[in-house]
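The values are calculated or read from the model by the stated rules, or taken from the named source; none is laboratory data. Since we're looking at a predicted model, the values are computed, not measured. Virtual Cβ from ideal backbone geometry, glycine too; neighbours counted across all protein chains shown.
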Amino acid sequence: MHYSIIINPTAGNGYAKEAWPAIQHELDSSQVDYHHQFTKYAGHATYLATKLAQSQMSQETTVVIAMGGDGTLHEVLNGLIKGAPNRPLPLAYIPAGTGNDFARAYGISLDPRTALRQIMDADQTRTINIGHYRDAIKKTDHYFLNNVGIGFDAAIVSRTNSSKAKRKLNRHHQLGHFAYASQALAVLYNQAPFSLMAQGEHGREFFEKAYIAVVTNHPYIGGGFQIAPTASLDQDGLDLVIAERRSWPTTFWQLIQLAHGKLMDSRLANHYHGRRFHVTTTSLEFGQVDGEEMGNQFMDLTMSTATYPFRQQSLTENQKD
């Protein structure tokens, strides 16, 4: 097996760069055939993955490994699909970012060396569910592994990515939802509710005072919060969760439920499951995809399901072995 490794050295405020020598030592000690490349700018991982996919590498003998955060994994996935949409190279992941939500959903260790072992021990490819979204306004389309969020969650992502809190937590490797949670109250105070139209297999529904709208491929968001506990990478479908702002006490209770993974099933939120959703807004709103900012824009997004091959054991598979 040949491993093509794309590393984002700035992920986790440099944590990926710090972890790489140990990964390289493991690869060399195991006499594994590999080559690696470091990204140099935003979007570079997509470019590198596209070139790998176009290089006629064999699906049977090549695995592309993304090392970084969820954003790095997002870029690599989209690059591989762009480069060879009909000949997907298997993908694997060594988490070294802030949120690491995909790692939680798949069952990948947050310790980079253990994650590498999960890749090297895999003897077969697993096909997982992913999402696809089309932006009708920008005329673009991309794939996602985690979720697409509009409003509250996306505003937190925007505020967190530019905050000193995130950098401080990353320096101490205190990854996860702490950086996001530290920004939640400020975002809640400043964010106005917005009008949202959502259409899916359930029909069409209008929400006058939406403030959370998330289409997700698995349970986790914001570094470990469970927005949709029953969602799974192994099911053919996506989950849409929408919450409206009513009163301040109700809103705080909604956030408490979100923190405990109970918002989806509460009477204070709307939950839908399906293979296709279309959401629109009539105002400029923050958007995020896989923890990366989409910007502040009018939303006209269509989300649907797709699949992609991963070659990596989950932690439960490791325990069985």
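Quick notes on this structure:
- Filtered by the rule that a residue be under 15 Å from the mean Cα position of the chain (by Cα) and among the β-branched types (Val, Ile, Thr), the range 294-306 gives a lone residue, Thr305.
- Residues within the range 211-222 that are in a strand (DSSP E or B) and at pLDDT below 95, tallied: 3
- Restricted to the range 27-107, the set of strands (runs of 3 or more DSSP E) holding at least 1 residues that are crowded, with 24+ Cβ neighbours inside 10 Å comprises 62-68, 91-95.
- Filter result for Asp300 (closer than 24 Å to Ile212 by Cα and in contact with a Phe, Trp or Tyr (Cβ under 6 Å, 6 or more places away or on another chain)): no
- For the range 229-301, the strands (runs of 3 or more DSSP E) that sit wholly inside it and include 1 or more residues that are free of Cβ contacts under 8 Å to residues at least 12 places away in the same chain are 292-297.
- Scanning the range 61-109 for residues that are touching a helix residue (DSSP H, G or I) at 6+ places or on another chain (Cβ under 8 Å), farther than 17 Å from Ile5 by Cα, in contact (Cβ under 8 Å) with a residue 40 or more places away in the chain and of a type in the set (A, V, I, L, M, F, W, C) turns up just one, Phe102.
- Number of residues in the range 149-202 that are at pLDDT 95 or above and on the phi > 0 side of the Ramachandran plot equals 0.
- When Leu315 is tested against (1) outside the structural domain of Gly203 (by TED's automatic domain parsing); (2) modelled with pLDDT of 95 or more, only condition (2) is not met.
- Pairs where the first residue, in the range 195-220, is assigned by TED's automatic domain parsing to the domain that holds Asp234 and the second is in a loop (DSSP other than H, G, I, E, B) and of a type in the set (D, E, K, R), C-beta under 9 Å, 6+ apart: Gly200/Arg275; Glu201/Arg275; Lys209/Arg245; Lys209/Arg246; Ala210/Arg245; Tyr211/Arg245; Ile212/Arg245
- Enumeration of residues in the range 23-57 that are in contact with a helix residue (DSSP H, G or I) (Cβ under 6 Å, 6 or more places away or on another chain) and either over 13 Å from Val76 (Cβ atoms) or among the small types (Gly, Ala, Ser) (or both): Ile23, Glu26, Tyr34, Ala45, Ala49, Ala53, Gln54
- For the range 302-321, the set of residues classified as surrounded by 19 or more Cβ atoms within 10 Å (Cβ to Cβ), out of contact with any helix residue (DSSP H, G or I) (no Cβ under 8 Å at 6 or more places or on another chain) and outside any strand (DSSP E or B) is empty.
- So Asn270, is it closer than 21 Å to Glu208 by Cα, in contact with a Phe, Trp or Tyr (Cβ under 7 Å, 6 or more places away or on another chain) and not acidic (Asp, Glu): no
- When Gly83, Gly107 are checked against the criterion of being more than 17 Å from Arg311 (Cα to Cα) and within 22 Å of the chain's Cα centre (by Cα), Gly83 stands alone in meeting it.
- In the range 32-54, the residues that are in contact (Cβ under 8 Å) with a residue 24 or more places away in the chain form Cβ pairs under 6 Å with partners that are in a loop (DSSP other than H, G, I, E, B), at six or more places apart or across chains, as follows: Phe38/Pro9; Thr39/Asn8; Ala45/Thr39; Ala53/Ala84; Ala53/Leu89.
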